[in-house]
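Before any comments, here is the structure.
The values are calculated or read from the model by the stated rules, or taken from the named source; none is laboratory data. Quantities reported herein were computed from a predicted structural model and do not represent experimental measurements. FYI the Cβ positions are ideal-geometry reconstructions off the backbone, even for glycines, and counts take in every protein chain you see.
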Amino acid sequence: MVPPFRIPTTRMVQPTPLPTPCPFEKRFPSQLVRDDAFFMSLAYNQAIDAWRQDEVPIGAVIEIGGEIAGAAHNGVEGTKDPTAHAEILAITQAAAKLGDWRLEGATVYVTKEPCPMCSGALLMSRVKRVCYAVPDPKMGCLGGATNLNDLPRVNHHLELTGGGVLESECRELLQAFFKLKRQEPEG
Ligand SMILES: [Zn+2]
């Protein structure tokens with residue numbers, strides 16, 4: 001059966017409001033100095049990519065043996081998946097790359113302190129060290145609101161660097177995003 005031909009009717013399409021463009025630029029750290037600021041700069045750039053997709057600007061990078069094993073940004077809105085946090089996506093990438101769920105020797109750089117879910121995932125994936133830029137006293141579970149690393153019977157502990165690495169840059173990015181979001185008319 002051929003469906004009957006219908007003359008297309010023009011529809012009134014409501015213009016979708018464009019996301020507020022990101023006013024921040026990516027960082028270009030020297031490739032020669034692979035220190036905490038270098039890897040956090042890459043996490044920051046991931047956060048910029050998140051904003052450009054109208055996502056909360058949080059980025060994560062996983063370093064193993066001086067190389068990048070995972071790099072991701074928050075993608076909760078686009079994927080409509082509440083677990084699509086930067087850390088979770090980066091952990092999945094790194095595990096696939098290593099072919100092992102144990103991310104031994106890994107350092108995870110993330111622009112904001114990991115939430116309960118991500119802090120748990122970081123412990124479960126046995127990463128060596130977590131370096132986060134902005135402490136989160138509300139939801140952070142690696143020192144901000146609480147510290148899963150201090151669970152008395154857990155036998156894997158993370159080395160922690162909380163705050164101090166690109167902290168003001170990452171905080172400014174988050175605060176600017178939420179400020180603009182509050183100003184946007186409700187869609
Ligand atoms: Zn999280």
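Here are the numbers:
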| quantity | calculated |
| --- | --- |
| Selected residue (criterion: nearest to the ligand (Cβ to nearest atom)) from residues of segment 101-133 that are assigned to a loop (DSSP other than H, G, I, E, B) and among the charged types (D, E, K, R) | 113 |
| Subset tally (residues that are among the hydroxyl-bearing types (Ser, Thr, Tyr) and in a helix (DSSP H, G or I)) for segment 161-187 | 1 |
| Any hit, segment 88-100, residues being touching a Pro at 6+ places or on another chain (Cβ under 6 Å), within 14 Å of residue 46 (Cα to Cα) and in a helix (DSSP H, G or I) | no |
| Subset of segment 55-65 [out of contact with any Gly (no Cβ under 8 Å at 6 or more places or on another chain) and assigned to a loop (DSSP other than H, G, I, E, B)] | 56, 57, 58 |
| Residue check, residue 80 surrounded by fewer than 18 Cβ atoms within 10 Å (Cβ to Cβ), modelled with pLDDT of 95 or more and closer than 30 Å to residue 23 by Cα | yes |
| Residue identified as in contact (Cβ under 8 Å) with a residue 12 or more places away in the chain and either loosely packed, with under 13 Cβ neighbours inside 10 Å or farther than 22 Å from residue 50 by Cα (or both) among 144, 140, 163 | 144 |
| Flag for residue 66 being out of contact with any His (no Cβ under 9 Å at 6 or more places or on another chain) and at pLDDT below 95 | yes |
| Filtered residue count, segment 88-131, keeping only those that are in contact (Cβ under 8 Å) with a residue 60 or more places away in the chain and of a type in the set (Lys, Arg) | 1 |
